[in-house]
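Only one structure is covered here, and it is reproduced in the block below.
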């Protein structure tokens, strides 16, 4: 205990028998190698020169997300597939471009299948994915995400099958459900991150879903450009999507800075590279004149920018979770603001 005389107990604990004893269930816990019980990043080891009362001995308060590369890759593929479903429904309503609608259905189906495989790879066993379908829990973003992905994949498959059978492109119940599921698929991962205790995600929880939606649209536009689609509709969609992704990304960074937890994003090389690649892709898309080569270059740059942005936000979450001050400072500020509001209330 802080400020008490230390009485070593033989297993690393220091107790003052006058104030505490070792009776009870917790006394049976014997951790001789703490790093095995709770691994700590090298940069998060205690710093004796700092004041322990600011944090708990400078140790991380929460655990960093254990996600591997499968998860940010799933964010990218699933978001792109969701944006493709939404745009396919819009094209279907216009009844003008059946070839583009079919291409969007293919992109959506491939993205949803790839996203499902990436999600299962991260879960470790296919059974874990299907077990989440045994319940329907609207309060759980992870459970809802499983249902959203399943609904989007089913409706996309049915829409593509109808298109391949030569049916006329017209609005349908399946198309409407696919559009709703696709929109949810492109945004729910931002909701999922915002519902955690990771400081940089929690502080930006209101800005993450719009940013993820814009990134999903930008990644879809980039894939269409990579495929050589230079139609006026694709070009306009690409300019709007890439501009929105850049603006929403800056909004996320500013929100994190306002809470004092923006350093992981501000100092991230991945985030910086993503921003500059996104700007270069937007310039290449908006440059006057039509050029198939420049369109493909814009698509490659935009794809890299969107993918790096997903990895950057996950990397920033890990760094934020390892910083105990990022966890304590916003909580203390909120408590202080609430106390001041109560004090000044008439």
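One line per residue, one yes/no per condition, for (1) surrounded by fewer than 16 Cβ atoms within 10 Å (Cβ to Cβ); (2) in a helix (DSSP H, G or I); (3) at pLDDT 85 or above:
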| position | (1), (2), (3) |
| --- | --- |
| 27 | yes, yes, no |
| 30 | yes, no, no |
| 36 | yes, yes, no |
| 60 | no, no, no |
| 68 | yes, no, yes |
| 73 | no, yes, yes |
| 100 | no, yes, no |
| 103 | no, yes, yes |
Can you find a residue that is farther than 16 Å from residue 88 by Cα and buried (at least 18 other Cβ atoms within 10 Å of the Cβ) anywhere in the stretch 234-245?
yes
Of the residues that make up the stretch 133-148, is at least one closer than 20 Å to residue 310 by Cα, touching a residue at least 40 places away in the same chain (Cβ under 8 Å), in contact with a helix residue (DSSP H, G or I) (Cβ under 8 Å, 6 or more places away or on another chain) and crowded, with 20+ Cβ neighbours inside 10 Å?
yes
Kindly indicate whether residue 270 is surrounded by 24 or more Cβ atoms within 10 Å (Cβ to Cβ), within 30 Å of residue 144 (Cα to Cα) and out of contact with any strand residue (DSSP E or B) (no Cβ under 8 Å at 6 or more places or on another chain).
no
Here are some conditions: (1) under 17 Å from the mean Cα position of the chain (by Cα); (2) under 18 Å from residue 87 (Cβ atoms). Residue 255 meets all but one. Which one does it not meet?
(2)
Can you tell me how many residues within the stretch 267-301 are farther than 17 Å from residue 250 by Cβ, in contact (Cβ under 8 Å) with a residue 60 or more places away in the chain and part of a helix (DSSP H, G or I)?
8
Only one of 160, 220 is within 18 Å of the chain's Cα centre (by Cα), in a helix (DSSP H, G or I) and either farther than 16 Å from residue 107 by Cα or in contact (Cβ under 8 Å) with a residue 12 or more places away in the chain (or both), namely 220
Give the residue, chosen from 321, 298, 306, that is buried (at least 18 other Cβ atoms within 10 Å of the Cβ) and under 16 Å from residue 211 (Cα atoms).
306
Only one of these is outside any helix (DSSP H, G or I) and out of contact with any strand residue (DSSP E or B) (no Cβ under 7 Å at 6 or more places or on another chain): 261, 247, 200, 191. Name it.
261
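The values are calculated or read from the model by the stated rules, or taken from the named source; none is laboratory data. All figures in this text were calculated on a predicted structure; none of them were measured in a lab. Don't worry about glycine lacking a Cβ; one is built from the backbone with ideal geometry, like all the others, and counts go over all protein chains shown.
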